[in-house]
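In what follows, a structure is listed as structure tokens, so that the remarks can point back to it.
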């Protein structure tokens, strides 16, 4: 495995990825598009009370988490944009 990939996976698993933390937030008015990346940048810039603003706690090392969150937020961008536009998903599984 490449060192960059190993580092990214370690950041996501050990640091508690900000994007994953913000996926299930129920906070009204919380950012949806690039939420994990914005949470990391907010904390890096000294923002207080990330739970109040984003509905999720910030990762312990936001600087290390930032590249992984940026990648994951980019991959999830189409879903984030649809959710921000008010399009709801009612996915069900099974037969």
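Computed from the coordinates by the stated procedures, all read-outs in this text should not be read as laboratory data. Since the model is a prediction, treat every value here as computed from it, not as a measurement. Virtual Cβ from ideal backbone geometry, glycine too; neighbours counted across all protein chains shown.
Key figures for this structure:
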{"read-out": "Over 16 Å [Cα-Cα, the range 17-82], rounded percent", "value": "35"}
{"read-out": "Inter-label distance, nm, simple model (7 Å from Cα along the C-beta direction), residue 48/residue 81", "value": "3.7"}
{"read-out": "Exposure proxy order (Cβ contacts within 10 Å, fewest to most) of 75, 66", "value": "75, 66"}
{"read-out": "Highest average packing first - 68-74, 78-84, Cβ atoms within 10 Å", "value": "68-74, 78-84"}
{"read-out": "Length released on extending from residue 33 to residue 2, taking residue separation times 0.36 nm less the Cα-Cα span", "value": "8.2 nm"}
{"read-out": "R0 of 22 Å, Cβ-Cβ distance residue 74-residue 25: FRET efficiency to nearest 0.05", "value": "0.70"}
